[in-house]
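Participant: Got a structure for you, written out below as structure tokens; questions coming shortly.
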């Protein structure tokens, strides 16, 4: 099952032009899907297990509120990136996840936190 994750103001309210610009200016490099990968979205299926392991929150949800997104961002920032490269489980080395991946996820979540955004999953 695929999953695209979109940052939104609320389940009914899309991003503003300023929100999209903030994501563009952050130069985030995360895997995109057919419909995701630009302006506040990414292919969630690729990162779900990693994010679940780090934050204890699955991306497979219809709506993740801004408060939870903030907690997820905090958990991502607590990852020792160099230690992650040395000790990451085999599954993450296979996916080629490394400290750069963690940095890119932090950038995405930081924009969400700064702008008070939640996340919507579409699968």
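The values are calculated or read from the model by the stated rules, or taken from the named source; none is laboratory data. Model, not experiment: these values are computed from the prediction. Every residue, glycine among them, receives a Cβ derived from its backbone with ideal geometry; neighbour counts consider all protein chains shown.
Participant: Could you tell me which numbered condition residue 29 fails, if it satisfies all but one of (1) within 11 Å of the chain's Cα centre (by Cα); (2) outside any loop (DSSP other than H, G, I, E, B)?
Facilitator: Failed condition: (2).
Participant: Is it true that some residue in region 61-75 is crowded, with 18+ Cβ neighbours inside 10 Å, in contact with a helix residue (DSSP H, G or I) (Cβ under 6 Å, 6 or more places away or on another chain) and part of a loop (DSSP other than H, G, I, E, B)?
Facilitator: no
Participant: What number goes with the only condition from (1) under 14 Å from the mean Cα position of the chain (by Cα); (2) within 12 Å of residue 119 (Cα to Cα) that residue 36 does not pass?
Facilitator: The failed condition is (2).
Participant: With respect to residue 54, determine if the residue is touching a residue at least 24 places away in the same chain (Cβ under 8 Å) and assigned to a loop (DSSP other than H, G, I, E, B).
Facilitator: Values: touching a residue at least 24 places away in the same chain (Cβ under 8 Å): yes; assigned to a loop (DSSP other than H, G, I, E, B): no.
So residue 54 does not fit the description; no.
Participant: Moving on. What number goes with the only condition from (1) surrounded by fewer than 14 Cβ atoms within 10 Å (Cβ to Cβ); (2) more than 17 Å from residue 9 (Cα to Cα); (3) touching a helix residue (DSSP H, G or I) at 6+ places or on another chain (Cβ under 8 Å); (4) modelled with pLDDT of 95 or more that residue 79 does not pass?
Facilitator: (1)
Participant: Hey, another quick one. Take region 1-17 and flag every residue that is without any contact (Cβ under 8 Å) to a residue 24 or more places away in the chain and loosely packed, with under 13 Cβ neighbours inside 10 Å.
Facilitator: Across region 1-17, the qualifying residues are 12, 13, 16, 17.
Participant: Regarding residue 32, is this residue at negative phi, modelled with pLDDT under 95 and touching a strand residue (DSSP E or B) at 6+ places or on another chain (Cβ under 7 Å)?
Facilitator: Taking the combined requirement at face value, the residue satisfies it.
Participant: Looking at region 90-122, which of its residues are assigned to a loop (DSSP other than H, G, I, E, B) and touching a helix residue (DSSP H, G or I) at 6+ places or on another chain (Cβ under 8 Å)?
Facilitator: Once the filter is applied, which keeps residues that are assigned to a loop (DSSP other than H, G, I, E, B) and touching a helix residue (DSSP H, G or I) at 6+ places or on another chain (Cβ under 8 Å), region 90-122 yields 95, 97, 98, 116, 117.
Participant: Moving to a separate point now. Please work out which one of (1) crowded, with 16+ Cβ neighbours inside 10 Å; (2) under 26 Å from residue 17 (Cα atoms); (3) at pLDDT 95 or above is the condition residue 116 fails and give its number.
Facilitator: Evaluating residue 116 over (1) crowded, with 16+ Cβ neighbours inside 10 Å; (2) under 26 Å from residue 17 (Cα atoms); (3) at pLDDT 95 or above leaves (1) as the failure.
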